Each structure stands twice: as structure tokens, then as C-alpha cells.
Amino acid sequence: MVDLESEVPPLPPRYRFRDLLLGDQGWQNDDRVQVEFYMNENTFKERLKLFFIKNQRSSLRIRLFNFSLKLLSCLLYIIRVLLENPSQGNEWSHIFWVNRSLPLWGLQVSVALISLFETILLGYLSYKGNIWEQILRIPFILEIINAVPFIISIFWPSLRNLFVPVFLNCWLAKHALENMINDLHRAIQRTQSAMFNQVLILISTLLCLIFTCICGIQHLERIGKKLNLFDSLYFCIVTFSTVGFGDVTPETWSSKLFVVAMICVALVVLPIQFEQLAYLWMERQKSGGNYSRHRAQTEKHVVLCVSSLKIDLLMDFLNEFYAHPRLQDYYVVILCPTEMDVQVRRVLQIPMWSQRVIYLQGSALKDQDLLRAKMDDAEACFILSSRCEVDRTSSDHQTILRAWAVKDFAPNCPLYVQILKPENKFHIKFADHVVCEEEFKYAMLALNCICPATSTLITLLVHTSRGQEGQQSPEQWQKMYGRCSGNEVYHIVLEESTFFAEYEGKSFTYASFHAHKKFGVCLIGVRREDNKNILLNPGPRYIMNSTDICFYINITKEENSAFKNQDQQRKSNVSKSFYHGPSRLPVHSIIASMGTVAIDLQDTSCRSASGPTLSLPTEGSKEIRRPSIAPVLEVADTASIQTCDLLSDQSEDETTPDEEISSNLEYAKGYPPYSPYIGSSPTFCHLLHEKVPFCCLRLDKSCQHNYYEDAKAYGFKNKLIIVAAETAGNGLYNFIVPLRAYYRPKKELNPIVLLLDNPLDDLLRCGVTFAANMVVVDKESTMSAEEDYMADAKTIVNVQTLFRLFSSLSIITELTHPANMRFMQFRAKDCYSLALSKLEKKERERGSNLAFMFRLPFAAGRVFSISMLDTLLYQSFVKDYMISITRLLLGLDTTPGSGFLCSMKITAEDLWIRTYARLYQKLCSSTGDVPIGIYRTESQKLTTSESRKIPSQSQISISVEEWEDTKDSREQGHHRSNHRNSTSSDQSDHPLLRRKSMQWARRLSRKGPKHSGKTAEKITQQRLNLYRRSERQELAELVKNRMKHLGLSTVGYDEMNDHQSTLSYILINPSPDTRIELNDVVYLIRPDPLAYLPNSEPSRRNSICNVTGQDSREETQL
């Protein structure tokens, strides 16, 4: 054992402890070798190269020292020239020899030694095998010319006064300056320096040319005019500027030759430098340059990230963003990967935008471009998706990556993101504000079916306007509509508000009604100080607190309002208070309408014990006073509130027992068991007890469960809602849920038919002839047309075809571009539409952001563009609550205790209320509803201003038409078959039409000889009416024949009923004295029934509330 231990060699010192820990037993045969890395950098040459060349900071110091040496040598040359006394004579020796003092010579020799040593050292360190490449470089040759003569003069003192062109060191200084700037940019990691470098090179080149010319002329003229440095500078400036006064000219042939050479050099060098500078300037204009760090730290800016910037998108953003007064000093930095469009460039050159908008070409995925935009100092970043791409999912993926990149680069920068597909929302859940296009689109389309023109209502609310649109129009409805379109949603703390401070401790409905009565503002929601959730109309049980944030609708926010007392207001409104119309009062200013409402709050005799009704008083009471309305209580009376079980249906009392049993078996209330995408808000709605088999979802094909092949065979009790879309995406979930919401009575639920293709046969099979609404979603496959505005061409033509075939069908259409709304229901010879087109152009010239609002399809809510909701995202920068309020109004989010948007229709029995203020009081005192606007439909009586001037001729035309219709009834029956089967383009195929036109012309000429020109116009109008009617008859025959061919019944198809003679529009928050009219639809925010659910019985499914014995129409129709 001892011998063995003695034979064991000792462990190496560096491995002993490690081997003991690891239990290494193979150390006897250890053949590992230690490797030293980067040993070549330990050589003397590599260390010098690291110090002089590779290291950024030390290399920068060396080049700065070299630059200083060159400037010092040029300065010593100037000192030598200034100290030298000009000698007399014209000998050539004055060219080769100069007077140089000994101290000056010593300094120049020292500078030359250092410069030459540094040049040789750098040449040695940068040597790569070709010595001639180092020797023949121009900087090396210039260094030899300037330094070697001084070094030789050390050994030959007689050469100390030899002329050396030291002024050529300016070119070496220029070369050192370029290298120094490159090292500087490399040291501070600045890459966007090409423009700066080129400008520096150009300036230094020009200075070197001038300095070389000055020194050369001065030295060569030593044998001529003896010019000093100032005269040489004067001569060079005059010569290079091409002025050429001629008062200073070179005399010797050598100086003349030198001037010629310098001019040739300038003509070659300077244009090249200018060309490179111009090229870089153009490239910089395309890329946009940088947003300076100093400006980013002293001024506020936001960044707009888009994949492609179009002029419409840019103007919508700028107009909406800068519409707010406190954003006037903000800068907008646009970061876009594509080159600036010609139209965009032209707009950004306008002084109003050129000082505030900066375009940068770059990608949000590159930190360098985000640094150029100073994203870390931005107040916000807006990331918009490209909706014009065919693959919208791919567009969302790009948006998600941009959002991730911005969040990674600037975590504290607020993000405002627009996404297209709802299933991609959860990827950007971290963003501060998100607007999903398909969510809002389908929700608005669904609400348009049950609350008409909801899309127009939301669009007007989220646009910034001053309510000045249409005020120059002669049409009364355009003035009212334009004035009310200026209403927006604002917020204020209750204790700081003049509108609402006095209602602290009062109920919400009391505050809402009295604020509208007194100030004309519509209080729609509140938010507790300690709660992030906004509550729309929390109901009469909600008590207002001093710290509550109130959300209200008004023309302007309270901070911009001026208040007058009621006596002054009455005096100022005496001339305006007269009523000249048969059905409404004039719309006054919101603030100017204070104190003009007179409501009898004392007499409550007409209020029934069972609840609020609209029953008129007895005949005796009519002679004494007008009908009165119950007052709105300051604090809600628990006994008087109409409570209702959430799980019961108020419409069930109107059904028979058999119908009630069948309906209870068919529907149940609850939450959808499956969510189509992550992030969808759970909504309480009507559900089927059992899941329907997939085969039964095909309406046009029978299966083993049913044999129906068309909508008529199903025998639906309610009218259909048809959705024409390209694909059945996840966004349809947001279309179905509002139509199946729990607060909708079961008897009012409409069947929903999804139509993925819309040929005529499929339209007829799915029941288009008895459908309540048809929703046409814009086709994604047509959004990437070569011409942007042609993306809607297919949709517009298809809808126009539907409009001609089914004129009584209510069609709701979504378009990509708002400008194309003028083609909806297009009639080329309609004078009224042409007048609206002129009005739209005038409003656009006045700078309106809502110039398209007077188009009849948009005003009626039959068309909208989702791009109009882009302003919702822009507004959320100033009003961070706008997205939440819009989602609550559309039913996308459901907050416990928050109300929902619904509507009610004014019938003939409701007209006793008279004014909007009394309607407001009636709703607040009975059901707790808060009205926010009116959807009004009027008859379009006349089409032109000329027809208004000649009512007598119009009456004559109508009477003649009726007389001729009775006289020619037999002839009309005789020619009816021929009339329907003939083509409408040739009047010779319509003898009845030709005969009636001639008879009308003769009779009108006899009755109105003084107005022959106007009568001819009326005859033409009547002829067009007959032409249109005959065309509709032919279209009706086509549809009926096709229905018969498919085996469908033609009963119920009404080919003559259309909406061409009516116009509809919205009045948002009208003044209290506005008259209500028959068929007005009132928008209501109704309290959440869950807020009234008794706590003791939360789980009852079939309980009936205490007030269900009364007619349910009292809740939907007052």
C-alpha cells in the first residue's frame, strides 16, 4: 500500500479541489489542454491598432488631434504671410524662397515631424499586403509634400526659407474631419448621419477650395501686384460667385494658370457634391428624417403607425385630433413603411399641417425607426389596421406585431389600437384602448334592425362638430338635423358642475330630467369615484354623490358654456317663441332654451293606481286644463318602482296558455354556453333549450328532422332579418346577441337568416319578400380594388338591384368608403338628391367633418361606413370613456346596474304629451327611462323649389290624372297585358302612356295658358312618374314569375310600396320645446332590470313581476 501511494503523482494545483468535489477518478490519464483565446490581440501591433483604429473613443481622440495639427499648420502659414514684408522686384526667386523666422520655422518643423510620424504609423497599422496602395494615396502624398521639406531643412539649414505649400494641409484637415465625424457617429450609435455628413463634406470642400485659391493667388502674385490675403479673398469670392467685377485681376501667367486650374477643379468637384447632397435630400424627404430629441422633450407629440397612409385616413385623423382646443400644440409624427403618397405630400405642404405633422418612412418593428419617432417620449401611439387588404387576418397580425414592438420599446407609452377580427383581440389586451371593427360593425347593424338608424346616432355622437351644418339651408329639417348633430358626450365631476351640483343626494332620473328641463343637457350615465365601471341610466334608485363623474350629451361641454338667468332669457326669446309649424316648435339653442318649458307638475289625477298610463282625462277636465304628468321624485319610492324578475318575460301575459307553454318550452334565458372568441363579453340572452342539429341550419335544404326548403314553409310568426355576408365569421356573434337580448320580449324575436350568396333564387327562398330588414355586409374580397373607391362597387350595384326589385324592403348596407354613400338608392333624375349633393359640397367647403350627413340614406340609417368609427379611437385620446360608453350603448359590454339602448314609437294615443320635455318627464316618472333623441320620418312632398312656387299647377296635374284614370279605365284594362310585357324604353310600345301624356298636355294647356313653361315641366314630371311606375311593374312581374317557377307563393309581395316619398333623420337631444310627432321613434336608455330584482328570490325562473298585469305596451309605448 505504501509503494502504491508513493507512485501516485500529485494533482495539478488548479484541478485538485474541483476533482475532489466532482469525484473525478480519471485524473491519472488527464490529457486536457488549456486554450487561451484572442492571443493575437496581445501583440504590439494589434494593441496599437486597437488604440489608433478599432477603439471608437481612442480613435476619435487621435483623429481630433490630427485635425488640430492640420489647422495649426494652416494657421502658421497665415502668420508667416502676415509677418512677411513684401519684397520689391519681379524675380522668380520670390516664388521659391520666402522669409521665415526661426521660431516659426521651429514650430512648423515640430508639426511636420508629428504629422509625418502619425501618417507612417497609421499606414503601417492599416497595411494589408500592398505597399503601393498606401504610398499612392492622396493624403499620404500631400503629407510627404508638406512635411518632408521641413525635416530636410533640419540637416540643411540653407533650405529653411524654402517655400512649402503648407496651405494644402487644409485638404488633410478635411479628410481628418470626415473620419472624425464617422468615429463620432459610431461612438454615439447614431446611424442617420448621411445627410449631415454630406452637408459637412460640401461645406468643407468649398472652404478648402477657397482657402487654396486665396493662398495660391497671394503667393503667385508676389512677383506681380503684391496682393495681400484680403485682396485674394475678395478676388476668389467675386470669381467663384461668377460676378467678376474686374477691379482685382491676376497679372502673371502662373497666377492666371492657377486660377484656371482652380475653376476647373471647382466645376468638377462642386457639382458632384451638390448632386450627392440633392440625392440625399430627396431620400430624406421620402424617409422623413428624424423627430428631434430637443423638440420631443419640450413639445408634446403623438405617433400614428399605419401600414399604408391614404389621404382620407390622414384627413379624418387630423380633423378629429385637432378639433379639440387643448391639442392644438401637439405634433403628429406619422410612421409608415411606404413612400409618401403624392396627395398626402401635397396636403402636408399646406402651412396649417406642415408645421404640426411630420412624416417618417420606417417600420414600427425596427427600434431605429421608433427612436427616430421618439416613441419613448410620445404622449400616445395610434396603431391602425389596413382594412383594404383581402386577408384581414394577415392585416391583424401585422397590427399585433406593431403593438408588441411599441410596447417593448416604450412600455409607458399609451397604446390606441384598431383591430379588425374579434378573435385577435386577446393578443393586444395590454393596450390602453382597443376598437375591434367587426364587433362594432355587427352590433350597429343588429341594433339598426330594432332601433332604426342606430349607426347614424353613434356616428354623430363620436364626431366632433359645432352644430353649424345645414344652418344656411332653406329646409327646416336640415337646420334641426344639423344643429342637433353637434351634440357630443362630455363628462364632469358633480360637485364642480353648474349643471348637476344641486342634485347631490337626489335620484339619477330626477337629476337627468331637471337638468334637461333647466339647461337642455341630457344626463345619460355616472361613474363612482372608486369604481371604473360606467353606469348608463342606473335608474331612480341610484343616489347622486358629490364625487360622481357625470356623463352628459350637449352641444358643448360645461366649461365652454355661458349662463344667463331666466328673466333675461325670456326677454331674448320673445321673438323666437312663436310657433309657425303644424307639428313642431323651432329648435333653439340648448342653453338658450332655459326657462321656456311650462309643465304642470301638481295635478296627478290622471295617474292610475296600477302604473303610468297615457290615458286622456275626461271631457270635463279638458276644458279646465291640459293633461298632467306625475312629477319625478327626488328619491325613488320603492313601492312605486316597477320591479320585475329578470328571468320572466313581460310579454307572456298577452299570450294564451297554449302559446305560453310552447314558448316556455322553446326558449330559456341564460348566458351562451360557448364563446366564439376570447374576450367576448358574456351577455344574458334568450337561448334554446336544446341544441339544433347542424343539418337543420340549412334553410333551403330538407333533412331527416324537417322537410322545409324555404322560409315561407317554416311559418315564422315574426318577420325575418336577413344578413348577406361573404363568410360566417366570429363577428356574427355580436349581430345575434343584441337581437336575442334578455330584455326583448319573446314575441318580438325575429328569425335570423344568414345568406352567404345572394342570387335572386336564394333571396326568394330565404323570404326576402316578407323580411323586416336585410343587412348587407361589405364584401372583403372586393376591398383591395385597384382604385380605392371601387372597393364598394359590387356592394353598391347589388344593393341597387335589391332596391329596384324589392322597393318596400328595408336594406341596411355597410360600405368601405363614406364618399360612396351618395350612390345608395341612386336616382339620376331626382332633383332633390341633386340639391342634397350641392349642399354636401357647400358644407365641405365650409370645413365640415360631416358633409355626408345630409344624404338621405345615411340620415335614415340605411347605410354607414365602419371607417366613420375611426374617430372613436381618436376621440378616446381626449375622452377615455367614449369607447366604454359606445360599447354599452351597442350592447357589446354588459355592466351590472347599467342600462341599455332601446326605442319606442309615438302613436296617435301618445300625442297628448305634445313636447319632448313632457315626454322626458313622463318617462322618468313612470319607467325610469332616459330619452336621448328622436328618429323622425317626414313625407317628401316636393322635389324642387320650382314646384313649391306653383302649387296650383300641381293640383291641376293630380286632378287631371285622377280624371283620366277613371275615363280610361277600360282602355287601361284592355292594354294591361301588353303594358306589362313590353319594354319600358320605347314609348311606341306604350300607347296608353302616349295617349295619356297627350291628353294631359291639352288639358293643362287649356287650364293654365299663362304658365305654359311650368306646365310643360309638370307634364314631363308626370310622364317620368308613369315611366317609373311601368318599370316597377315589369320588375314585379319578373319577381313573381320567378317565385312561381320556384314554387313559392306570391301572396304578400307588394311591388308598389316604397320609401321614395319619405325622408328620415335623427334629432339628438332636441330642445325641451320640440314637438313630438306621429310615428316618431324615441331612443331610450332603459334601466337594467337586474337592478330591480328582489334579493329574496334571485333564482326564480318563471316568476311574474307585480306589474305584469298591466299592458306591456305601457313599457314599450309609454
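The values are calculated or read from the model by the stated rules, or taken from the named source; none is laboratory data. Note that the structure is predicted; figures quoted are calculated from it, not measured. Here the Cβ is made from the backbone with ideal geometry for all residues, glycine too, and neighbour counts use every protein chain on show. With ligands, DNA and RNA removed, areas are computed over all heavy atoms of the protein, side chains included. Shrake-Rupley method; radii C 1.70, N 1.55, O 1.52, S 1.80 Å.
Taking segment 439-478, which residues are buried (at least 23 other Cβ atoms within 10 Å of the Cβ) and in contact with a Pro (Cβ under 8 Å, 6 or more places away or on another chain)?
GLU439, ALA443, ALA446, LEU447 - these are the residues of segment 439-478 that are buried (at least 23 other Cβ atoms within 10 Å of the Cβ) and in contact with a Pro (Cβ under 8 Å, 6 or more places away or on another chain).
Considering segment 314-351 alone, what residues qualify as being open to solvent by 10 Å² or more (accessible area, probe 1.4 Å), in contact (Cβ under 8 Å) with a residue 40 or more places away in the chain and farther than 26 Å from THR459 by Cβ?
Within segment 314-351, TYR331, GLU339, MET340 meet the criteria.
Could you list, in sequence order, the residues of segment 82-98 that are touching a helix residue (DSSP H, G or I) at 6+ places or on another chain (Cβ under 8 Å) and either open to solvent by less than 20 Å² (accessible area, probe 1.4 Å) or at pLDDT below 85 (or both)?
LEU83, PRO86, SER87, GLY89, ASN90, GLU91, TRP92, HIS94, ILE95, VAL98
Among the residues of segment 397-407, is any closer than 16 Å to SER308 by Cα, open to solvent by 10 Å² or more (accessible area, probe 1.4 Å), outside any helix (DSSP H, G or I) and touching a helix residue (DSSP H, G or I) at 6+ places or on another chain (Cβ under 9 Å)?
No: zero hits.
Which residue out of TYR510, TYR490 is touching a strand residue (DSSP E or B) at 6+ places or on another chain (Cβ under 8 Å), among the hydroxyl-bearing types (Ser, Thr, Tyr) and open to solvent by 10 Å² or more (accessible area, probe 1.4 Å)?
TYR490
Looking at (1) surrounded by fewer than 17 Cβ atoms within 10 Å (Cβ to Cβ); (2) at pLDDT 80 or above, which is the one condition that is false for ASN1057?
Only one criterion is unmet by ASN1057, namely (2).
Do any helices (runs of 4 or more DSSP H) entirely within segment 217-331 hold 3 or more residues that are more than 30 Å from ARG846 (Cα to Cα), and if so, which?
The qualifying helices (runs of 4 or more DSSP H) are 229-240, 253-287, 293-298.
Could you tell me how many of the residues in segment 434-455 are over 17 Å from the mean Cα position of the chain (by Cα) and either acidic (Asp, Glu) or more than 18 Å from ILE721 (Cα to Cα) (or both)?
0
Just to verify a result, which residue in segment 513-531, among those that are small (Gly, Ala, Ser) and more than 18 Å from ASP893 (Cβ to Cβ), is surrounded by the most Cβ atoms within 10 Å (Cβ to Cβ)?
Ranking the candidates gives GLY520 first.
Consider ARG392 against the criteria (1) touching a strand residue (DSSP E or B) at 6+ places or on another chain (Cβ under 7 Å); (2) touching a residue at least 40 places away in the same chain (Cβ under 8 Å): it satisfies all of them except one. Which criterion is unmet?
(1)
Which of the residues that make up segment 886-902 are under 22 Å from HIS463 (Cβ atoms), crowded, with 22+ Cβ neighbours inside 10 Å and modelled with pLDDT of 90 or more?
Within segment 886-902, THR886, LEU888, LEU889, LEU890, LEU901 qualify.
With the condition kept exactly as written, say whether any residue in segment 871-879 is among the small types (Gly, Ala, Ser) and either buried (at least 23 other Cβ atoms within 10 Å of the Cβ) or assigned to a loop (DSSP other than H, G, I, E, B) (or both).
So far as segment 871-879 goes, yes, one or more of its residues are among the small types (Gly, Ala, Ser) and either buried (at least 23 other Cβ atoms within 10 Å of the Cβ) or assigned to a loop (DSSP other than H, G, I, E, B) (or both).
Test SER153 against the stated conditions and say whether it is open to solvent by less than 60 Å² (accessible area, probe 1.4 Å) and within 25 Å of TYR77 (Cα to Cα).
yes
As an exercise: evaluate LYS225 against (1) at pLDDT below 85; (2) under 29 Å from THR252 (Cα atoms); (3) open to solvent by less than 70 Å² (accessible area, probe 1.4 Å) and give the number of the one condition it does not meet.
It fails just one condition, (3).
Keeping to segment 194-222, report how many residues are open to solvent by less than 60 Å² (accessible area, probe 1.4 Å) and within 55 Å of the chain's Cα centre (by Cα).
The qualifying residues number 13.
I'd like to check something: does segment 824-834 contain any residue that is at pLDDT 90 or above, open to solvent by 10 Å² or more (accessible area, probe 1.4 Å) and of a type outside the set (Ser, Thr, Tyr)?
The answer is no; no qualifying residue exists.
Which residues, taken from segment 259-279, are open to solvent by 40 Å² or more (accessible area, probe 1.4 Å) and at pLDDT below 85?
ILE263, VAL265, LEU267, VAL268, VAL269, PRO271, ILE272, PHE274, GLU275, GLN276, ALA278, TYR279
Restrict the check to segment 452-461 and report whether at least one residue is of a type in the set (Ser, Thr, Tyr) and touching a Lys or Arg at 6+ places or on another chain (Cβ under 6 Å).
No, segment 452-461 contains no residue that is of a type in the set (Ser, Thr, Tyr) and touching a Lys or Arg at 6+ places or on another chain (Cβ under 6 Å).
Which of the residues spanning segment 332-373 are assigned to a loop (DSSP other than H, G, I, E, B) and aliphatic (A, V, I, L, M)?
MET340, ILE350, ALA364, LEU365, ALA373, listed by residue number.
Return the residues of segment 516-564 that are part of a strand (DSSP E or B) and among the charged types (D, E, K, R); say none if nothing qualifies.
Hit for segment 516-564 is ARG527, nothing else.
Taking the criterion of being in contact (Cβ under 8 Å) with a residue 12 or more places away in the chain, more than 17 Å from LEU633 (Cβ to Cβ) and surrounded by fewer than 20 Cβ atoms within 10 Å (Cβ to Cβ), would at least one residue in segment 532-545 satisfy it?
Yes, the conditions are met somewhere in segment 532-545.
On the given criteria, is SER73 under 25 Å from PHE140 (Cα atoms) and surrounded by 16 or more Cβ atoms within 10 Å (Cβ to Cβ)?
Against the criterion (under 25 Å from PHE140 (Cα atoms) and surrounded by 16 or more Cβ atoms within 10 Å (Cβ to Cβ)), SER73 qualifies.
For segment 669-778, give me every one of the strands (runs of 3 or more DSSP E) that falls completely inside it and has 2 or more residues that are open to solvent by 30 Å² or more (accessible area, probe 1.4 Å) and either in contact with a Pro (Cβ under 7 Å, 6 or more places away or on another chain) or more than 19 Å from PHE440 (Cα to Cα) (or both).
Of the strands (runs of 3 or more DSSP E) lying wholly inside segment 669-778, those with at least 2 residues that are open to solvent by 30 Å² or more (accessible area, probe 1.4 Å) and either in contact with a Pro (Cβ under 7 Å, 6 or more places away or on another chain) or more than 19 Å from PHE440 (Cα to Cα) (or both) span 685-688.
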